[in-house]
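To keep things clear, I will list the structure first and then write my remarks on it.
Please treat every number below as a calculation from the coordinates, not as lab data. What you are looking at is a predicted structure, and each value in this text was computed from that prediction instead of being measured. Cβ coordinates were reconstructed from backbone atoms using ideal geometry, including for glycine residues, and neighbour counts include every protein chain displayed.
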Amino acid sequence: MNEYLRTTYDKFELRVRQGFYYTKDDLWVSVENGKARVGVSDYLQKTSGDVAFIEVAKPGSAVEKGKDLGTIESAKTTVPLPSPLSGTLEEANSKLTGNPELVNSDPYGEGWLVTLTPSNLEDDRISLLSADDYFKLMLEKLQSEHGKLESK
């Protein structure tokens with residue numbers, strides 16, 4: 001199995017990491033040892049442009065699924081980040097304070113946003129998409145929003 005599902009539009013290659021969960025709002029969730037790490041998808045970071053500033057809730061904050069977890073500001077836009085899960089925000093990625101561009105250069109690695117302790121992971125996970133389902137959704141968004149698509 002390849003680590004990523006891939007497609008190309010215009011001059012950009014877009015990747016969806018296998019083994020992660022996704023939201024329709026273009027966030028990813030990786031679950032390990034009862035903790036959930038959250039970040040933005042390759043699609044979101046590429047279509048939003050170069051990230052200039054990131055603001056997320058403070059560690060210790062209670063977060064509710066679908067409610068505001070924070071925002072990402074780029075030269076093009078400000079993107080709200082609805083939380084993919086309910087729970088407690090444990091950690092914000094401190095590397096992003098001085099290097100918000102990590103979201104652009106490594107969205108599935110060093111550019112992660114926060115870690116959460118989910119309060120009801122099994123129920124919340126039902127509404128998350130698999131990598132395959134998110135990839136299909138991303139292709140639909142590319143078709144409708146950009147109209148240029150070359151599958152790989």
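If we scan the range 121-129, do we find a residue that is without any contact (Cβ under 8 Å) to a residue 40 or more places away in the chain, among the aliphatic types (A, V, I, L, M), part of a loop (DSSP other than H, G, I, E, B) and under 19 Å from D25 (Cα atoms)?
We begin by selecting, within the range 121-129, every residue without any contact (Cβ under 8 Å) to a residue 40 or more places away in the chain; these are 122-123, 126.
Checking which are among the aliphatic types (A, V, I, L, M) leaves us with 126.
Imposing the further condition that a residue be part of a loop (DSSP other than H, G, I, E, B) reduces the set to 126.
Those still in the list that are under 19 Å from D25 (Cα atoms) too: 126.
Yes, the range 121-129 contains at least one residue that is without any contact (Cβ under 8 Å) to a residue 40 or more places away in the chain, among the aliphatic types (A, V, I, L, M), part of a loop (DSSP other than H, G, I, E, B) and under 19 Å from D25 (Cα atoms).
Starting from the range 1-13, keep only residues that are closer than 11 Å to K46 by Cβ and touching a residue at least 24 places away in the same chain (Cβ under 8 Å), then list their pairs with residues that are surrounded by 13 or more Cβ atoms within 10 Å (Cβ to Cβ) and among the aliphatic types (A, V, I, L, M) whose Cβ atoms are within a distance under 7 Å, requiring at least 6 positions of separation or different chains.
Pairs found: Y9/L142; Y9/L149.
Does the range 85-102 contain any residue that is hydroxyl-bearing (S, T, Y) and closer than 25 Å to L5 by Cβ? I'd like the intermediate steps shown before the answer.
If we filter the range 85-102 for residues that are hydroxyl-bearing (S, T, Y), which is where we start, we get 86, 88, 94, 97.
From the residues that got through so far, the ones that are closer than 25 Å to L5 by Cβ too are none.
Looking through the range 85-102, none of the residues is hydroxyl-bearing (S, T, Y) and closer than 25 Å to L5 by Cβ.
Taking the range 1-18 on its own, how many of its residues are part of a strand (DSSP E or B) and within 14 Å of the chain's Cα centre (by Cα)? So that I can check it myself, show each step before the final result.
Filtering the range 1-18 down to residues part of a strand (DSSP E or B) leaves 4-9, 12-17.
Still in the running and within 14 Å of the chain's Cα centre (by Cα): 14-17.
Number of matching residues: 4.
Residue under question is L142, and the condition is that it be surrounded by 20 or more Cβ atoms within 10 Å (Cβ to Cβ) and in a helix (DSSP H, G or I); does it hold? Give the steps one after another, and end with the answer.
Numbers: surrounded by 20 or more Cβ atoms within 10 Å (Cβ to Cβ): yes; in a helix (DSSP H, G or I): yes.
Taking the combined requirement at face value, the residue satisfies it.
For the range 6-39, give me the residue count where each residue is touching a helix residue (DSSP H, G or I) at 6+ places or on another chain (Cβ under 6 Å) and hydroxyl-bearing (S, T, Y).
2
Could you list all residues from the range 49-83 that are of a type in the set (V, I, T) and surrounded by fewer than 16 Cβ atoms within 10 Å (Cβ to Cβ)?
Matches in the range 49-83: T71, T77, T78.
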